[in-house]
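The block underneath contains the structure these notes are about, expressed in structure tokens.
Quick note: the coordinates plus some simple rules give every number you see, no bench work behind them. The model shown is predicted, which means the values in this text are computed figures rather than measured ones. Using ideal geometry, Cβ is built from the backbone for each residue, glycine included, and neighbour counts are taken over all protein chains shown.
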Amino acid sequence: MISIVEAISDLLYVRETVVVPGLGAFVKKPVSAKVNPVANYFAMPSSEIVFDANLREDNDLVVNYIVEKFEVSKDEARRQLALFVSDCFNNLKQGEKVLLNQIGTLYYDGANDLVFKQDDSANYNADAFGLCDFSLQPVLRSKTKDEIKAEIEQQQRDKNTPVTVDEKAVHEHDKEDAFDDDRRGFGWQKLLLGLLAVAGIMYGLNCFKVIDIAGWFNGSSKRVVNIEPGKYQLPTCTMDWDKMLDEYKETWRPAEPDAMPQANIRIIAGCYDQAEPAVRLTNSLKSKGFSGAIYEFRNGKWFVSFGRYATEEEATEALREIRKNTDYKAWILK
């Protein structure tokens, strides 16, 4: 479905003037960021949209964009644009207001002059992407300046106080450290003696053919042999390495590659000072089918996004779909 208002809104992000043939022109004027030092308030850069009813010449800007965006013929685009302008004037003559979503409202005042009132919910200034208005909270100190100064001076005096050393205590401490070192060295000696004892026992059993150490390295599954055939036999312990390897192959699976590269581009649905409204908006988005909706705390604000995207092209396409199918004032955060 062709939306003339959506086409005008998209063009205002990239053009300073958008002329609607037969209706008038929407002119964008940049507004610089503002700082209120008294209220500790920062207002991000924005754009002021004004309407010029005398500028109505047809420059095919809106028509060409409709043809590209909605994939229709140029004649169909002109016909739809003419119907839109006709409906606007019919509603205005009946005393009604014409609402242009995310752009503003057109209406006749008491002097029968055409008036335009901008919709402040949308910001068409490209320099403001990723920014939001915020207030700085003053730093509250629990102590006065004089108390803090006195504490600093006391810390400096304590730092310059000479330190006495108890030589007897230091000597006792050195003796304890030496004892601990000897004890640790004796522990390593016991471990080494234990390993040597185990190696000697294994070597003796191998010499008397009780066990076959060489068989452990050449893959033989036989580990215990008879001492005297015909008299008695020690229990046989077998290890089937081929079978263990087959079982391992059945359970092992190669690690799957990452499903997608790192996604750091977000489409922002809202920005809040508190976490509670961010959580509510996230749950609302998920209930409406945006399963990838998340909320994050960044730079002192809670940001709610529709999801994350790996490339700017994917994010731009998703932003167009969101603006087309919803009323959210979404924007891209890189």
**Q.** Estimated FRET transfer efficiency (D109, K324; beta-carbon r; R0 22 Å; 0.05)
**A.** 0.10
(Q) Just to be sure I understand the model, the point goes 7 Å from the Cα along the line to the Cβ. What's the resulting N206 to D273 distance in nm? (A) 7.8
Q | Longest to shortest principal axis, alpha-carbon extents of segment 265-333, angstrom | A | 30, 25, 18
Q.
If you average the C-alpha positions of segment 263-334 and of segment 76-117 separately, how far apart do those two centres end up, in angstrom?
A. 32
Q) Label N36 and E317 with points 7 Å out from Cα along Cα→Cβ: what is the distance between them in nm? A) 4.3
**Q.** Sorted by Cβ neighbour density within 10 Å, fewest at the top, the residues F306, F70
**A.** F70, F306
Q | Volume in Å³ per residue [convex hull over Cα atoms, computed for segment 4-135] | A | 121
